[in-house]
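Comments concern the structure below.
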Amino acid sequence: MKAFGTRAGGRWQPSRWRRADRGADDLPVGAAKTARVRQMFDTIAPRYDLVNRVMTFGLDRSWRATTVAALGLPPGTTVLDLACGTGDLSALLAARGHLVLGVDLSAGMLRASHAGAPLVQADSAALPLADGAVAGATCGYALRNFADLEGTFVELARVVRPGGRISLLDVAEPANPILAIGHGLWFRRAVPLLGGLLSDRAAYEYLPRSTAYLPPVRELRSMLLRSGFSTVNHRLLSGGLSQLLTATRVGRP
Ligand SMILES: C[S@@+](CC[C@H](N)C(=O)[O-])C[C@H]1O[C@@H](n2cnc3c(N)ncnc32)[C@H](O)[C@@H]1O
């Protein structure tokens, strides 16, 4: 069986074959990755929403709505939108009656936020929140950007109260071979061109390559279980264009 990744200091790292396989051997890790990701999102923040809409043909709106609904939390509960970016998920959470707190690493993305929620600039692996401070958390398209993914899951387990819920949305690859070819061409060839026209070419070349950071589902599931979550559920959206992971914080509410 192919190895998808290795553990360094207990943390998952993209495997050599997988990175090489995708021409992504030079992807940074650790502090270098955090610095590059922050700088990249600061650069693309002003046109991030526009490129997102065009790149997904607007489908991301329905994936985000599914993410928020999958939390299954009542209105009035406090929800952390981790790596909130410009606030698309935060706005949907607020529209459902949640009290939202947005956290993101990039000052540029926070400045471009349209959500109207309170915002904090922080790293996902060191959240400035008390234990059990929130009833739930969402995270949209950021898992592969975190330098310390397992550390982030541990932090989420710390700040989400027992019985609380998390809903994590990210990119995926369609299993259907025809869809996979079309998706590969679009994501790896057209998106960098489009990104170059509308925003920053280097950032939108990095985007498809950064999927090499994303562990396979079984590893994501084990990481969440180890971090303090149960009932981990995984589903593909729109035939595998995106994926959604949900889980419940272990412990009595
Ligand atoms: C692709 S954007 C997604 C933004 C938003 N969640 C959405 O759904 O549109 C990824 C976001 O993750 C943020 N991010 C990356 N690494 C982070 C970290 N270590 N801690 C907090 N935010 C981080 C980036 O600044 C960026 O805003």
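Observations on the structure shown:
- Against the compact-protein benchmark of 2.2 N^0.38 Å, the Cα-based radius of gyration of region 42-144 scales to 1.02.
- Highest mobility in the GNM of the chain, judged by mean-square fluctuation with C-alpha springs under 10 Å and restricted to 138, 231, 211, is found for 231.
- The H on the amide N of residue 229, modeled in the peptide plane, is under 5 Å from the matching H of 250, each at least 5 residues off or on a different chain.
- Environment charge of residue 145, counting only residues whose C-beta is closer than 10 Å and scoring Lys/Arg +1, Asp/Glu -1: +3
- By the helix-only formula, in which each DSSP H run with n ≥ 4 contributes -39500 (n - 2.57) and the sum is divided by residues, the chain has a 222 nm mean residue ellipticity of -11500 deg cm²/dmol.
- If you run the Gaussian network model on the chain, springs between alpha carbon atoms under 10 Å, then out of 187, 57, 229 the most flexible one is 57.
- Projected label distance in nm at residue 114 and residue 175, using a 7 Å step from Cα toward the beta-carbon: 3.6
- A simple charge model with +1 on the Cβ of Lys and Arg, -1 on the Cβ of Asp and Glu and nothing else charged puts the dipole of the chain at about 520 debye relative to its Cα centre.
- Cα pair distances of the chain binned at 5 Å [whole percent]: 1, 6, 13, 19, 21, 19, 13, 6, 2, 0, 0
- The spacing between region 221-246 and region 81-157, judged by their C-alpha centroids, is 18 Å.
- Leading residue at positive end of dipole, the chain (Cβ point charges), from 127, 204, 154: 154
- Furthest towards positive pole of dipole, 180, 32, 103, structure part the chain, Cβ charges: 180
- For region 57-183, a simple Cβ point-charge model (Lys and Arg +1, Asp and Glu -1, everything else neutral) yields a dipole of about 380 debye relative to the Cα centre.
- Treating r as the C-beta distance of residue 225 and residue 188 and R0 as 35 Å, the FRET efficiency rounds to 0.65.
- Residue among 168, 99, 197 with the largest mean-square fluctuation in a Gaussian network model of the chain, springs linking Cα atoms under 10 Å: 197
No lab work stands behind these numbers, since they all come straight from the coordinates. This is a predicted model, so every value here is computed, not measured. So basically every Cβ, Gly included, is an ideal-geometry build from the backbone, and we count neighbours across all protein chains shown.
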